[in-house]
1. Take M229 and tell me if it is modelled with pLDDT of 70 or more and crowded, with 18+ Cβ neighbours inside 10 Å.
2. Across region 153-169, what is the number of residues that are modelled with pLDDT of 80 or more and crowded, with 18+ Cβ neighbours inside 10 Å?
3. Report, by residue number, each residue of region 103-130 that is open to solvent by 40 Å² or more (accessible area, probe 1.4 Å) and assigned to a helix (DSSP H, G or I).
4. Given the criterion open to solvent by less than 10 Å² (accessible area, probe 1.4 Å), at pLDDT 90 or above and part of a helix (DSSP H, G or I), identify the matching residue among A145, A182, A176.
5. If the requirement is being at pLDDT 85 or above and touching a Gly at 6+ places or on another chain (Cβ under 6 Å), which of these qualifies: A201, A191?
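The values are calculated or read from the model by the stated rules, or taken from the named source; none is laboratory data. This one's a predicted model, so the numbers in the text were calculated from it and none came from an experiment. Note: ideal-geometry Cβ built from the backbone for every residue, glycine included; neighbour counts use all protein chains shown. For the accessible areas, the whole protein counts, side chains as well, though only heavy atoms, and no ligand, DNA or RNA atoms are used. Shrake-Rupley method; radii C 1.70, N 1.55, O 1.52, S 1.80 Å.
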Amino acid sequence: MSAPEDEERLLPLTQRWPRASKFLLSGCAATVAELATFPLDLTKTRLQIQGEAALARLGGGAGEAAPYRGMVRTALGIVQEEGFLKLWQGVTPAIYRHIVYSGGRMVTYEHLREVVFGKGEDKHYPLWKSVIGGMMAGVVGQFLANPTDLVKVQMQMEGKRKLEGKPLRFRGVHHAFAKIFAEGGIRGLWAGWVPNIQRAALVNMGDLTTYDTVKHYLVLNTPLEDNIMTHGLSRGLLYKSSTDCLIQAVQGEGFMSLYKGFLPSWLRMTPWSLVFWLTYEKIREMSGVSPF
């Protein structure tokens, strides 16, 4: 065996397979963030679907008959009627989703930043490149993760079906995947992918672009070092299409129904991003991978 091959075998795994290592590290960080903030995601989903359930049962009287409204009352209702641990119902597919989604978007963004677009000689990365990279990374990550995203939402709705006296549709995560695939094939697993990647592109334009730009600005232009302080500072098949979903939501519950769940969604995104970035940077450091 030649000397270069011997040297390569002695390298740490993070250097031998850098992209695979970054994929796994981002998945680990996303798992921590998901476990810490998942109850808010479940609350958001319940807020968004409870109006639909009430409409299906009661028609015009749905507004007064929804089981619980508001973020706090929704969370308390889940605990009282289903149990505390039900706040994490659907967390397994959510973790699967974020391992694929976060791994895909982070590896894609770093590849675009380091290889395709490239930094300047002064290590400056132009904002317009970061914007494009963030949007493209979001599209790739969400497209790869769409099946797990779909299963996550379907599993979250099982608790609502139980309260309504309806039979549960899935015995577990893997049964949900199998049933959706059996009923809709490969296309069924990617139902709703168009609006999902549109949203992911915008979310990552905000998340990745903001964090990357602010962090490197602070490191290059202030006395702050690349440490935890700097990281903290930077920090449905019911519808035929996304258009049909929009029309039915507005007709059934009014225009403001489009913003149901906005508060818990916003409140969750802030701690999720904070936990993710702090964890991701720390485990990269512990694993011998260069900072993001």
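1. Working: modelled with pLDDT of 70 or more: yes; crowded, with 18+ Cβ neighbours inside 10 Å: no.
Spelling it out, it is not the case that M229 is modelled with pLDDT of 70 or more and crowded, with 18+ Cβ neighbours inside 10 Å.
2. The total comes to 1.
3. The first filter runs over region 103-130 and keeps only residues open to solvent by 40 Å² or more (accessible area, probe 1.4 Å), leaving 111, 114-117, 119, 121-124, 127-128.
The answer is H111, E114, V115, V116, F117, L127, W128.
4. Details: A182 fails: open to solvent by less than 10 Å² (accessible area, probe 1.4 Å); A176 fails: at pLDDT 90 or above.
Within the list A145, A182, A176, the selection yields A145.
5. Values: A191 fails: touching a Gly at 6+ places or on another chain (Cβ under 6 Å).
Matching residue, one of A201, A191: A201.
This table checks each residue for (1) part of a loop (DSSP other than H, G, I, E, B); (2) within 27 Å of L278 (Cβ to Cβ); (3) modelled with pLDDT of 80 or more.
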| position | (1), (2), (3) |
| --- | --- |
| M205 | no, yes, yes |
| L220 | no, yes, yes |
| P223 | yes, yes, yes |
| C245 | no, no, no |
